[in-house]
Amino acid sequence: MKKKSNSKLKIIPLGGLEKIGMNITAFEYEDSIIVVDCGLSFPEDDMLGIDLVIPDISYLKSNADKVKGFVITHGHEDHIGALPYVLKEINLPIYTTKLTMGIIEKKLTEHNLLRSTKRKVVRHGQSINLGKFRIEFIKTNHSIQDASALAIYSPAGIVVHTGDFKVDYTPVFGDAIDLQRFAEIGKKGVLALMSDSTNAERPGFTQSERTVGATFDRLFAEHSNTRIIVATFASNVDRVQQIINTSYKYGRKVVVEGRSMVNIISVASELGYLNVPENTLIETDQLKNYPREKTTIITTGSQGESMAALSRMAADIHKKISIMPGDTIILSSNPIPGNEKAVSNIINELSEKGANVIFQDTHVSGHACQEELKLIYSLVKPKYAIPVHGEYRHLKANAGIAKSLGIPKDNIFILKSGDVLALDDESAEVVDKIHTGEILVDGLGVGDVGNIVLRDRQHLAEDGILIVVLTLEKRTNQLLAGPDIVSRGFVYVRESESLMEEARKVVTEAVEKCLMSRHADWSKIKLVIRDTMNDFIWKRTKRKPMILPIIMDV
């Protein structure tokens, strides 16, 4: 028997706690680090103009010689979306299942990274060795195929990471979750369980994906004389499969709309995760060749995203499809927290166009509710519980479940991103905090927009800008022209001429006074302009626009 080493295993979440999205966790043992998942999150409302948010991986970069690779649980954006950006900083091999790899490869191709990235496809039940770790992939169910839980074997003990999961005994495609394997690993003795907390507040079980199929069948039968448009998540291949099956049963042709939807469906069909009956899929251009009631459109945009296909149809700016009175539109998803307003707006827009919008009972979650979480805890019997994947309230609810099953309060850890949890059989504690954070992606710029730029954008958005332009003679510092005031987003100039005229007088006086005292350098003059304008504008309007003095010399 090998003598157990006395080092501890360190678990370091670099993102994904306190919020839904941006999941990435490092596991470190002596000179080996593996990284589980590498996701992005979507910007908050106050992140003006930002497209995506990715994790700060400075910790991995400073320990680059130890990092062995990325192990990915499944193909959702909040678990794989940051890979193309992160791989440019630190090139590591990727290990994951077939469909997940197919989706990642599509991304890498778009970013010209396919040739330079080492990839290995792993089957469920297989293990890979990376440094001091052995990682076993376990079959689970989720709202995308090929999701895995991971059993991470280290010299300090076994950690089971569920990934995003639910227990579906009757999945649409493939096998049910491998509960037997969870139990077998539980028998060996599990150090810690990191489990999905998204639905930890919800009692009971999550419904099987098949129940949605039954709902579709009913809706297609009821609305047999209208065109049907179904909006759902691009990645939910099983949902798309059921929509295609039902359409085929009722003799409808199917069109797929939305770039992400087309991408994922082509990958899933190529790899055999989606069976499309012959002559069922048609191109958008062919819609006009078929009666409306014999067509189904599957589209992105179920979250009300402004650029997604459904939103463009609703706003009449879609090139090929417009909503007609009588269309039946099924929103097959729940609003992600924070998107409720956008979804409600799109329902209103579609209804105004005369469409019939259905959003009840057309979705089941891909995440485990309380009873399924209890099942996994009971099978795995971990010493320590570490809730992951969720906002604080979700993590807290998951911690409550662990406590109700007899795990002592001191053995349950609600971590924050950046916490370093060191654990072994004897003890577990947070021993350190490392730097983590969010890097903002805006257009092609990664990380060039920070808090200061965002603060300026906020300032401009709230109060507008005033630009004060004047010309000075270089040697004598005499005022040759100006000051002129240009305003954007502050007041409508034509209706506020007197205010602008007054402001100009006030600034002119202040500048002249400043020039009289011999020591006036330009930064001093700019400061005087800023202060004078700020005081004057605040007194007159109680607003604080951004003031930008520009001095030219002749």
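The values are calculated or read from the model by the stated rules, or taken from the named source; none is laboratory data. For clarity, every value in this text was computed on a predicted model and none was experimentally measured. Methodologically, a virtual Cβ is constructed for each residue, glycine included, from the backbone with ideal geometry; neighbour enumeration extends over all protein chains shown.
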task = Mind listing just one residue for me: the one in segment 78-93 that is more than 12 Å from Leu113 (Cβ to Cβ) and under 19 Å from the mean Cα position of the chain (by Cα) and, of those, surrounded by the most Cβ atoms within 10 Å (Cβ to Cβ)?
result = His79
query = Do we have any residue at all in segment 256-273 that's out of contact with any Cys (no Cβ under 7 Å at 6 or more places or on another chain), within 24 Å of Lys353 (Cα to Cα), among the hydrophobic types (A, V, I, L, M, F, W, C) and outside the structural domain of Ile103 (by TED's automatic domain parsing)?
reply = yes
Among the candidates Arg259, Arg239, Arg218, residue that is surrounded by fewer than 23 Cβ atoms within 10 Å (Cβ to Cβ), of a type in the set (Lys, Arg), out of contact with any Gly (no Cβ under 6 Å at 6 or more places or on another chain) and under 24 Å from Ile20 (Cβ atoms) = Arg259
ask   = Taking Ile336, is it more than 28 Å from the chain's Cα centre (by Cα), among the aliphatic types (A, V, I, L, M) and at pLDDT below 95?
value = no
key: Matching helices (runs of 4 or more DSSP H) fully within segment 356-471 where at least 1 residues are of a type in the set (Phe, Trp, Tyr)   = 370-380, 392-404
query = Within segment 386-402, can one find any residue that is free of Cβ contacts under 8 Å to residues at least 24 places away in the same chain and buried (at least 20 other Cβ atoms within 10 Å of the Cβ)?
reply = yes
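Rundown of residues vs (1) of a type outside the set (A, V, I, L, M); (2) under 24 Å from the mean Cα position of the chain (by Cα); (3) modelled with pLDDT of 95 or more, yes/no style:
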| site | (1), (2), (3) |
| --- | --- |
| Val230 | no, yes, yes |
| Ser247 | yes, no, yes |
| Val262 | no, yes, no |
| Leu281 | no, no, no |
| Lys288 | yes, no, no |
| Thr296 | yes, no, yes |
ask   = If you go through segment 324-348, how many residues are without any contact (Cβ under 8 Å) to a residue 60 or more places away in the chain and assigned to a loop (DSSP other than H, G, I, E, B)?
value = 4
inquiry  = Show the residue pairs meeting these rules: Cβ distance below 9 Å; 6+ apart or different chains; first residue within segment 186-198 and in a strand (DSSP E or B); second residue surrounded by 23 or more Cβ atoms within 10 Å (Cβ to Cβ) and of a type in the set (Asp, Glu).
reply    = Asp196/Asp164
message = On the basis of being under 23 Å from Ile12 (Cβ atoms), in contact (Cβ under 8 Å) with a residue 12 or more places away in the chain and either surrounded by fewer than 19 Cβ atoms within 10 Å (Cβ to Cβ) or touching a strand residue (DSSP E or B) at 6+ places or on another chain (Cβ under 6 Å) (or both), does Asp456 make the cut?
response = no
